[in-house]
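Input: a single structure, listed below in structure tokens.
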Amino acid sequence: MLKGKTAIVTGGSRGIGEAIAYKLASFGADIAVIYAGNILAAERVCGKCRQDYGVNARSYQCDVADFTATKETVAKIKADFGTVHILVNNAGITRDGLVARMKEEDFDAVLDTNLKGAFHMIRHCTSMFLKNREGCIINISSVSGLAGNAGQANYSASKAGLIGLTKSVAKELASRGIRCNAIAPGFIATDMTDSQTENPLLSMVPLGRMGTPEDVAEAAAFLATSGYITGEVLRVDGGMAMG
């Protein structure tokens, strides 16, 4: 369904980003993986995309918080792939702490990566989307951006900001055939979470289990292939943030 398309996945070397890269590759998309520091992990993801799904896949080291670096990286991707059709803004960090004691640099670092990083990538990819008269932007937000989370004022603010960014971009670009949606994962089992059987947050999930990166990847593939959905926030949380 995505054969002939190119997808950028930021934070694509592990966890949710890795699963999204594989899922989009399984649909035929060529994959550009942006990673922060672990080149071996990024190359492993690209190798699996090439070997298992027969697509072109390359990795690019980039700090998405850096406006100039993201501009240069997008230019490299354009030179290598010709153009870009899908952008998944998944790169994110945490610097948890109570707001009364949170350091300014910890607040800034999370906002710079999680929110400004998405803006940087959208900003630099939009010219290609406009030229193609099509584009799909998927921002990975969080249920923390919908409901807040104690000890995560910076993270929750960044993820709430992503939702506002998503809706504004969707309204700006819809007339040019460019869609922008967000996914709000809940409690997802990755190497950054505790074990499923011990974490007390499980009691807050009506479905009674943690989600998997593949659950989020399924939602990303749905949004990437659904041509009449834009400005939406799709929760993938087992009912955790039900109204």
Within the stretch 118-152, residues surrounded by fewer than 20 Cβ atoms within 10 Å (Cβ to Cβ) and either part of a strand (DSSP E or B) or under 14 Å from the mean Cα position of the chain (by Cα) (or both) come out as F119
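Taking the stretch 160-172, which residues are buried (at least 21 other Cβ atoms within 10 Å of the Cβ) and either among the polar types (S, T, N, Q) or within 16 Å of V99 (Cα to Cα) (or both)? Show your work before the answer.
First, pick out the residues of the stretch 160-172 that are buried (at least 21 other Cβ atoms within 10 Å of the Cβ): 162, 165-166, 169.
The one that is buried (at least 21 other Cβ atoms within 10 Å of the Cβ) and either among the polar types (S, T, N, Q) or within 16 Å of V99 (Cα to Cα) (or both): T166.
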Exactly one of these conditions fails for Y155: (1) modelled with pLDDT under 95; (2) assigned to a helix (DSSP H, G or I); (3) under 20 Å from the mean Cα position of the chain (by Cα). Give me its number.
(1)
I'd like the full set of residues that are touching a residue at least 24 places away in the same chain (Cβ under 8 Å) and among the β-branched types (V, I, T), limited to the stretch 72-99.
T73, V74, I77, T83, V84, I86, V88, T94, V99
Among the residues of the stretch 175-205, what is the count of those that are more than 20 Å from the chain's Cα centre (by Cα), on the phi < 0 side of the Ramachandran plot, of a type outside the set (S, T, Y) and at pLDDT 95 or above?
1
Looking at the stretch 99-109, is at least one residue within 19 Å of the chain's Cα centre (by Cα), surrounded by 15 or more Cβ atoms within 10 Å (Cβ to Cβ), of a type in the set (D, E, K, R) and more than 18 Å from V9 (Cβ to Cβ)?
no
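The values are calculated or read from the model by the stated rules, or taken from the named source; none is laboratory data. Quantities reported herein were computed from a predicted structural model and do not represent experimental measurements. In this analysis, Cβ positions are derived from the backbone assuming ideal geometry, glycine residues included, and neighbour counts consider all displayed protein chains.
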